[in-house]
1. If we scan the stretch 64-76, do we find a residue that is surrounded by 11 or more Cβ atoms within 10 Å (Cβ to Cβ) and among the hydroxyl-bearing types (S, T, Y)?
2. Hey, among the residues in the stretch 41-52 that are assigned to a helix (DSSP H, G or I) and not hydrophobic (A, V, I, L, M, F, W, C), which one's modelled with the lowest pLDDT?
3. Given the criterion touching a helix residue (DSSP H, G or I) at 6+ places or on another chain (Cβ under 9 Å), of a type in the set (G, A, S) and farther than 25 Å from A2 by Cα, identify the matching residue among A43, A31.
4. Could you check how many residues of the stretch 46-63 are out of contact with any helix residue (DSSP H, G or I) (no Cβ under 9 Å at 6 or more places or on another chain) and either surrounded by 14 or more Cβ atoms within 10 Å (Cβ to Cβ) or among the aliphatic types (A, V, I, L, M) (or both)?
Amino acid sequence: MAEPMHGCPGCGTQVRRSMLACRTCWALLPADVRDRVTRAWRALRGDRTNQELRATHRRAVIAVLTWYRGRRSGATP
């Protein structure tokens, strides 16, 4: 069974659900934003039941999505 897909928040290209963005758009993210979501994801993988880790990961993902939205709208990220 194929892994579910979703649109990359940067360009709309279909990516695996386990990926937040396509490789090209992921590389466009500022390093601190990219590192924040990566650290949160790795911590969450170790303990998916930890609500604090889930909230940290959610905030990191929101920061990524906000950055992409700002980029699309022409705002300075």
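1. Yes, because at least one residue in the stretch 64-76 is surrounded by 11 or more Cβ atoms within 10 Å (Cβ to Cβ) and among the hydroxyl-bearing types (S, T, Y).
2. First, pick out the residues of the stretch 41-52 that are assigned to a helix (DSSP H, G or I): 41-46, 51-52.
From what is left, the residues that are not hydrophobic (A, V, I, L, M, F, W, C) are 42, 45-46, 51-52.
Working: R42: 93, R45: 90, G46: 85, Q51: 94, E52: 94.
Filtering the stretch 41-52 for residues that are assigned to a helix (DSSP H, G or I) and not hydrophobic (A, V, I, L, M, F, W, C), the one modelled with the lowest pLDDT comes out as G46.
3. Numbers: A31 fails: touching a helix residue (DSSP H, G or I) at 6+ places or on another chain (Cβ under 9 Å).
Testing whether each residue is touching a helix residue (DSSP H, G or I) at 6+ places or on another chain (Cβ under 9 Å), of a type in the set (G, A, S) and farther than 25 Å from A2 by Cα leaves just A43.
4. Step one: of the stretch 46-63, the residues out of contact with any helix residue (DSSP H, G or I) (no Cβ under 9 Å at 6 or more places or on another chain) are 49, 51-52, 55, 62.
If we keep only those that are either surrounded by 14 or more Cβ atoms within 10 Å (Cβ to Cβ) or among the aliphatic types (A, V, I, L, M) (or both) too, we end up with 55, 62.
Residues flagged as out of contact with any helix residue (DSSP H, G or I) (no Cβ under 9 Å at 6 or more places or on another chain) and either surrounded by 14 or more Cβ atoms within 10 Å (Cβ to Cβ) or among the aliphatic types (A, V, I, L, M) (or both) within the stretch 46-63 amount to 2.
One line per residue, one yes/no per condition, for (1) free of Cβ contacts under 8 Å to residues at least 24 places away in the same chain; (2) in a loop (DSSP other than H, G, I, E, B):
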{"site": "M19", "(1), (2)": "yes, yes"}
{"site": "T24", "(1), (2)": "yes, no"}
{"site": "D32", "(1), (2)": "yes, no"}
{"site": "R39", "(1), (2)": "yes, no"}
{"site": "R54", "(1), (2)": "yes, no"}
{"site": "R58", "(1), (2)": "yes, no"}
{"site": "A63", "(1), (2)": "no, no"}
{"site": "T66", "(1), (2)": "yes, no"}
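The values are calculated or read from the model by the stated rules, or taken from the named source; none is laboratory data. The structure displayed is predicted, hence computed values, not measured ones. A quick note on method: Cβ atoms are made from the backbone with ideal geometry, for glycine too, and the neighbour counts reach across all protein chains shown.
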